[in-house]
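What follows is one structure encoded as structure tokens, with my remarks underneath.
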């Protein structure tokens, strides 16, 4: 049965002990979705079913952890990028005060579409998820079909709060959190589809009336936050948001390392390409 001991099993522990430890964390993530009344969307395919019961959590512990690490690192790239933009003063934490519509295919905004195209030139948002999951030894029948909630989140937050699109993308390229950029694609977009200087941020873009979640298992990016957090100011607000986000991410990385006997003393490589390649 899932472990109630928060301490990781000792080195050389049995597979059963490592499963007990990991399954407890996976169950916590699923219980959080269940408490909110959130369900997964069809693109989650079989992966969205794996965390639902103790039986499937035990049968597929390794694959669930691999999927969680992939998603956690993609979310970390988006989260860190938006925090960079807020620190630079070219976006605002106020964008996080409203929920996001993750399945909205009818946004009539040239500005929103332009930002989406620009973000699509970065590796983090155009990686082949089937190849990525295969690189982490996830069986075909247990994979998700599509995963783009991290890009929808970042796109929405930028569109809601940017002060200068030039400054936004200069910062994104300088920080490099989204991985390598398709330079020719980016140049083509900038030359053929330059941004309209009259575009303004729209705090209500891609907003829902209720908070329905992302429709994906294990989603930690902040939205619909308490305005009291933004009232703390940029630095303290980012610290509060980062503490919560990285609590989830660090816990997942730790469970992955424990389950697969990976040394947690190894250097954590920040390059997105490397992080998505998996344990080959």
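Readers should treat all values here as calculations from the given coordinates under stated rules, not as data from a laboratory. Predicted model only: the values in this text are computed from it and were never measured. Don't worry about glycine lacking a Cβ; one is built from the backbone with ideal geometry, like all the others, and counts go over all protein chains shown.
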When 235, 112 are ranked with the fewest other C-beta atoms within 10 Å first, the list becomes 235, 112
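Averaging the inverse of every distinct alpha carbon separation and then flipping it gives the Kirkwood radius. What is it for segment 94-181, in angstrom units? If you can, show how the numbers build up before the last one.
Working: mean 1/r = 0.0685 Å⁻¹.
Averaging 1/r across every pair of different Cα atoms and inverting gives 14.6 Å.
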From the Cα centre of segment 207-263 to that of segment 30-72, the distance in Å is 17 Å
Taking R0 as 51 Å and r as the Cβ-Cβ distance between residue 14 and residue 198, the FRET efficiency 1/(1 + (r/R0)^6), rounded to the nearest 0.05, comes to 0.20
Length gained, residue 55-residue 239, 0.36 nm per residue minus C-alpha separation, equals 62.5 nm
Ranked output for segments 88-96, 159-167, 172-180 by mean other Cβ atoms within 10 Å, highest leading, reads 88-96, 159-167, 172-180
Per the C-alpha gyration tensor (a ≥ b ≥ c, the square roots of its eigenvalues), segment 135-227 is rounded if a/c is under 1.5, else prolate if a/b beats b/c, else oblate; here it's oblate
Calculated from DSSP helices alone, with each H run of at least 4 adding -39500 (n - 2.57) and the total divided by the residues of the chain, [θ]222 nm to the nearest 500 comes to -16000 deg cm²/dmol
Taking a ≥ b ≥ c as the square roots of the Cα gyration tensor eigenvalues, with a/c under 1.5 meaning rounded and otherwise prolate when a/b beats b/c or oblate if not, the chain comes out prolate
Taking 0.36 nm per residue of separation between residue 232 and residue 31 and subtracting their Cα-Cα distance, the length gained on full extension comes to 69.4 nm
